[in-house]
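Undergrad: Have a look at this one.
The values are calculated or read from the model by the stated rules, or taken from the named source; none is laboratory data. Here the structure is a predicted model, which means the values were calculated and not measured. Note: ideal-geometry Cβ built from the backbone for every residue, glycine included; neighbour counts use all protein chains shown.
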Amino acid sequence: MFSGCSRSTPETAVRIFFQDLAAGRYGEAHAQTALRFRVLQSAEQFGRSVRDLGLEGFSEGKWQPAVFEGDRAEMEGVHENAAGVRTRLRVELLREAGRWRVAAIRKGGLDQGGEDLFSSIGQGRGLNPFVGRPVPGEAELRELVEGELGRLGYALRSGTFEEFHRGVSETWQQQVTPRALQQIFGQMSGSGYNFAGLKRLRPAYDPVPYIDPRGILVVEGYYPSRPARLFFGMKFVSESSGWRLLGLDVQLR
């Protein structure tokens, strides 16, 4: 079903967002993003990511009309930076309190997958004194993934994220509150996220799990569930009690 908003449109939100990036107004651009985006990536992290990804200095952008699904919309377009480099992007927007806000940006068109370019969620600096620790084996990886999805499922069923919050890393606890986590993930309640049924399936990792230069364990992939696959992205930091969750993203598509 297609719909729109008379006071705010995805086209306007995307245009203003990229105008702010082009002008170096990263704080203003960050303030226009969806709650989930702002909570999971600070304004400082956002500015660094924009520069690292080469998204600053866009001189123009040509966008296709938005495709709507309730309070979610997607737009596909080609942006060209000051150096003449063209990049095809897909922007996901959410309507919050009557306004359309940027929630994710991916490379490629609407018919392609792709990780959110700003999915470096729950990050911090100087987090891990255990850089060089080997990637966990298959059994431990599966236990980590299933464990976090199980805890998320319990939080969704119970309607409270207090226990889930206590189980994440100390770093992420300092960055986000239980209430913020409920706002981020609460919309998944009753939306087909059946985590209990995943135990019968084996996760497929893409890319192969790795530990980045900061010592953060990155685990991404999907479950071959039906009718839609469940994609997950998790980041863990090593604390005295073992690997603890530093960031989480879950989608059905």
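Undergrad: Condition first: at pLDDT below 90, among the charged types (D, E, K, R) and touching a helix residue (DSSP H, G or I) at 6+ places or on another chain (Cβ under 9 Å). Now tell me which residues in the range 219-248 satisfy that.
TA: 239
Undergrad: Which one of these is out of contact with any Ser or Thr (no Cβ under 9 Å at 6 or more places or on another chain) and assigned to a strand (DSSP E or B): 221, 233?
TA: The match here is 221.
Undergrad: Moving on to the next point. Which residues, counting only those in the range 161-179, are among the hydroxyl-bearing types (Ser, Thr, Tyr) and crowded, with 16+ Cβ neighbours inside 10 Å?
TA: 169, 171
Undergrad: Right, here's the next one. Among the residues of the range 209-218, which ones are in contact (Cβ under 8 Å) with a residue 40 or more places away in the chain and outside any strand (DSSP E or B)?
TA: Within the range 209-218, 209, 213, 214, 215, 216 qualify.
Undergrad: Taking interchain pairs and intrachain pairs at least six residues apart, which have beta carbon atoms under 7 angstrom, with the first residue in the range 124-152 and at pLDDT 90 or above and the second among the charged types (D, E, K, R)?
TA: 146/199
Undergrad: Checking residue 241 against (1) among the hydroxyl-bearing types (Ser, Thr, Tyr); (2) in contact with a Leu (Cβ under 7 Å, 6 or more places away or on another chain); (3) without any contact (Cβ under 8 Å) to a residue 40 or more places away in the chain, which single condition isn't satisfied?
TA: (2)
Undergrad: Within the range 148-166, take every residue that is assigned to a helix (DSSP H, G or I) and farther than 16 Å from residue 250 by Cβ and give me the one that is farthest from the chain's Cα centre (by Cα).
TA: Ranking the candidates gives 158 first.
Undergrad: Confirm whether residue 225 is polar (S, T, N, Q) and more than 28 Å from residue 171 (Cα to Cα).
TA: Answer is yes for this residue.
Undergrad: What strands (runs of 3 or more DSSP E) lie completely within the range 15-107 and have 3 or more residues being modelled with pLDDT under 85 and farther than 21 Å from residue 176 by Cα?
TA: The qualifying strands (runs of 3 or more DSSP E) are 58-63, 72-81, 86-96.
Undergrad: For residues that are over 14 Å from residue 145 (Cα atoms) and under 19 Å from the mean Cα position of the chain (by Cα), scanning just the range 215-236, find the one that is surrounded by the most Cβ atoms within 10 Å (Cβ to Cβ).
TA: It comes out as 216.
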